[in-house]
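Notes follow the structure.
The values are calculated or read from the model by the stated rules, or taken from the named source; none is laboratory data. Remember, predicted model here, so these are calculated numbers, not experimental data. Cβ sites come from the backbone with ideal geometry, for glycine too, and all protein chains shown count toward neighbours.
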């Protein structure tokens, strides 16, 4: 292969080059675009996020990502809107921004916001401000008012586009990513021995801090013990420690608050608006050595819980800083220490939130505004929540509380008469279920004041429990329709409106109960919750997953854009699963180790399947999901299921890199395949187009390898994606559709095994000015054999100044897949 060496362009020259490029390629003048964001801190390339404009206003998500390496401009996809599309006849708004906000709140039935002293409506932590923007609506550019707000329950962070003439909502996006799950309940084993260790003093900030935590890379208390960690802050990412905010020696806070995160409890579930939320205090010595007794309820371990939440958030900040999620890329810091980007945006992390169960969420606003992480309690191993007080079935039964609605009482049981729900038959079912609550209820008067029994069906749990609540039910017993243990019911779209408690019981117990009720038996029951809840603040995978939403949303489309992962084929949930897997990848792991996500919080042992359709594994006998499965709306949900399919590919890619380059247990400063793939994915997110589909993201990762590694891993990456159906001829269709994907398992011609391709790349040039080759300089080169045959004694050619050639003979044998690294001295005279 031939390589050209050239001097790196200056930043100013890059911007001038972009101006000329946009004029030549898209006939843009300076009125048509602006530079929304840029990243010029990458060692190998620069990234520029170009925002298209119309009438001087931004067009929502019309952002094209350009990367420049040497003199070459690259991009995955043109995201600019064709100006030939229909344009709005409205050039000036008819209604004011304030009127648009009021109309939107009325349309969404939100009436809990109040005017602040300056006349603005106030949403939780900020005023609601509106700006004009164009949005593509029905293939026409429409003038709209754009504003965002957090709902008072802290569960939604809406980004609204309201018509500037009528105030009607044209588009509603949600920056708050909720990760509610249905899950099976199992049994826990907790490791409980204690050890203490110090990190390398040359790599950590020496502030004397101590934290008793589940240390990275241990996934949870089920996987390993609490340990006393000292001085864990990275001297590069957090040079003044985790409790600093002013950039001078000494902490500004002795509680779990600092430059990267403010961790606190929020048992009121109000987004910390009460001002009474607790954070543990380590004192002047920063000694957060709090012992957890996991046999107690979570509230009794508050200090240990919030300390662990603080620790994992900071570890996510420090680790991914190393791979390029830094200040100029939009990371989360109160003080950016003069390194670019907008500061004032550390993570607000609420633990043991009291407004729900079996959930976690992360809201990511643009750079400079604080993101919101919310962690909830999870139902522990199931207990006998149901007692039938009379009839043939009198006795106690296993029941799992729902992950929405009010919780069951834990002292005085809720007692009531049972009533079986009936609904009209569904015309789409061959054998309609008259007791599944998916259609209109036919006996609402019989449900008023009763504990209502419903059979699980095809519709969402939240929908049917809300229907029973609206009929006057005081609680719901859901009967599973499949064998096995009952599960924790997820809220779905309607569960947030449910206020009554509900549980699920097994199919065998439930069908026996339904038969009794069909026989007109009068049965009274009591419901109580005597289980111990699980605290997800100890679940590293969930915390990393949520933080990962912030990384992917800040990187894709640039740090000033928060709406680039709203399309239906977006991979956000997949990236977040992968972030959690990478932070908890341990020495000794192997591809044969199936990884279930968040087994701790979901009440499973460490070998459980976790929260997804299957565990993550390159082994098709364990996980056989491919690109076509993202079309399956029946069994693969959106966004979690769609993301799971992509994360399956990323996990395969991880093990392919580890197989090629080995594993390095140093997650931050190592040089193994795990470190290389972490760098690759961060680079891929930076160069990916806004609103990427699977094919777009695949191409972005391949481009990232070209930019960072001169494409030496190109065929390795293609092989992994092709193996899961995202091959050379795969089609994603509309990135905002999840049902038009076409899978393909082929490789590009350059990687076909029928040829014996040899690819090579320059990894480093030891020159005072990177990129400039000088006489008598050592050149380090890596070469990989991508073919199917061994090759022996071959030449590598380097072209200089597009004319002169350097030849180096390699007297070695390379088997298929082998990589060799060598150094030679350039003897060419450039004078």
Any hit, segment 488-497, residues being in a helix (DSSP H, G or I), surrounded by fewer than 20 Cβ atoms within 10 Å (Cβ to Cβ) and touching a helix residue (DSSP H, G or I) at 6+ places or on another chain (Cβ under 6 Å): yes
Checked segment 611-632 for anything in contact with a helix residue (DSSP H, G or I) (Cβ under 9 Å, 6 or more places away or on another chain), surrounded by fewer than 24 Cβ atoms within 10 Å (Cβ to Cβ) and either at pLDDT below 95 or closer than 24 Å to residue 664 by Cβ (or both); matches are 613, 617, 618, 632
Do we find a residue being in a loop (DSSP other than H, G, I, E, B), modelled with pLDDT under 95 and farther than 19 Å from residue 606 by Cβ anywhere in segment 537-557? no
When every residue in segment 566-585 that is part of a loop (DSSP other than H, G, I, E, B) and over 10 Å from the mean Cα position of the chain (by Cα) is compared, the one nearest to residue 664 (Cα to Cα) is 585
Looking only at segment 80-112, how many residues end up being in contact with a helix residue (DSSP H, G or I) (Cβ under 9 Å, 6 or more places away or on another chain) and either at pLDDT 95 or above or closer than 18 Å to residue 52 by Cα (or both)? 3
Kindly indicate which of 79, 32, 44 is within 17 Å of residue 687 (Cα to Cα) and surrounded by fewer than 21 Cβ atoms within 10 Å (Cβ to Cβ). 44
Of the conditions (1) surrounded by fewer than 20 Cβ atoms within 10 Å (Cβ to Cβ); (2) at negative phi, residue 677 fails just one. Which one is it? (1)
Of the candidates 642, 658, the one satisfying the condition of being more than 21 Å from residue 593 (Cα to Cα) and either touching a residue at least 60 places away in the same chain (Cβ under 8 Å) or in contact with a helix residue (DSSP H, G or I) (Cβ under 7 Å, 6 or more places away or on another chain) (or both) is 642
Within segment 1-23, track down each residue that is more than 23 Å from residue 706 (Cα to Cα) and modelled with pLDDT of 90 or more. 19, 20, 23
Which pairs do you get when a residue that is in the same structural domain as residue 414 (by TED's automatic domain parsing), found in segment 466-484, comes within reach of a residue that is surrounded by fewer than 21 Cβ atoms within 10 Å (Cβ to Cβ) and modelled with pLDDT under 95, reach meaning Cβ atoms under 6 angstrom, with the pair 6+ apart or on two chains? 466/494; 466/497
Hey, could you check segment 498-513 for residues that are part of a loop (DSSP other than H, G, I, E, B) and in contact with a strand residue (DSSP E or B) (Cβ under 6 Å, 6 or more places away or on another chain) and say which is farthest from residue 377 (Cα to Cα)? 500
Wholly within segment 316-433, strands (runs of 3 or more DSSP E) carrying at least 3 residues that are over 31 Å from the mean Cα position of the chain (by Cα) and modelled with pLDDT of 95 or more: 383-388, 395-401, 414-420
Name the one entry in 417, 429, 445 that is assigned by TED's automatic domain parsing to the domain that holds residue 516, farther than 14 Å from residue 501 by Cβ and surrounded by fewer than 12 Cβ atoms within 10 Å (Cβ to Cβ). 445
Specify the residue that is modelled with the highest pLDDT; the eligible residues are those in segment 43-55 that are touching a strand residue (DSSP E or B) at 6+ places or on another chain (Cβ under 9 Å) and part of a loop (DSSP other than H, G, I, E, B). 45
Subset of segment 434-462, residues assigned to a loop (DSSP other than H, G, I, E, B) and within 23 Å of residue 509 (Cβ to Cβ), comes to 434, 435, 436, 437, 438, 443, 450, 456, 457, 458, 459, 460
If you take just the strands (runs of 3 or more DSSP E) that sit entirely in segment 156-210, which of them hold at least 1 residues that are modelled with pLDDT under 50? 195-198
Hey, does segment 607-628 have a residue that's part of a helix (DSSP H, G or I) and free of Cβ contacts under 8 Å to residues at least 60 places away in the same chain? no
With the checklist (1) in a loop (DSSP other than H, G, I, E, B); (2) within 20 Å of residue 390 (Cα to Cα); (3) in contact (Cβ under 8 Å) with a residue 40 or more places away in the chain in hand, flag the one item residue 516 doesn't pass. (1)
Within segment 398-407, tally of residues that are crowded, with 18+ Cβ neighbours inside 10 Å and farther than 16 Å from residue 388 by Cα: 5
Since residue 255 meets every condition but one in (1) surrounded by fewer than 24 Cβ atoms within 10 Å (Cβ to Cβ); (2) touching a residue at least 12 places away in the same chain (Cβ under 8 Å); (3) touching a helix residue (DSSP H, G or I) at 6+ places or on another chain (Cβ under 8 Å), which condition does it not meet? (3)
Could you tell me which numbered condition residue 562 fails, if it satisfies all but one of (1) assigned to a helix (DSSP H, G or I); (2) under 14 Å from the mean Cα position of the chain (by Cα)? (1)
Looking only at segment 692-699, decide whether some residue is under 23 Å from residue 38 (Cα atoms) and more than 18 Å from the chain's Cα centre (by Cα). yes
Evaluate segment 672-683: report whether one residue or more is touching a strand residue (DSSP E or B) at 6+ places or on another chain (Cβ under 6 Å) and without any contact (Cβ under 8 Å) to a residue 60 or more places away in the chain. no
Is one or more of the residues making up segment 565-588 touching a strand residue (DSSP E or B) at 6+ places or on another chain (Cβ under 6 Å), farther than 14 Å from residue 646 by Cβ and at pLDDT 95 or above? yes
Is it fair to say residue 290 is closer than 27 Å to residue 380 by Cα, in a loop (DSSP other than H, G, I, E, B) and touching a helix residue (DSSP H, G or I) at 6+ places or on another chain (Cβ under 8 Å)? yes
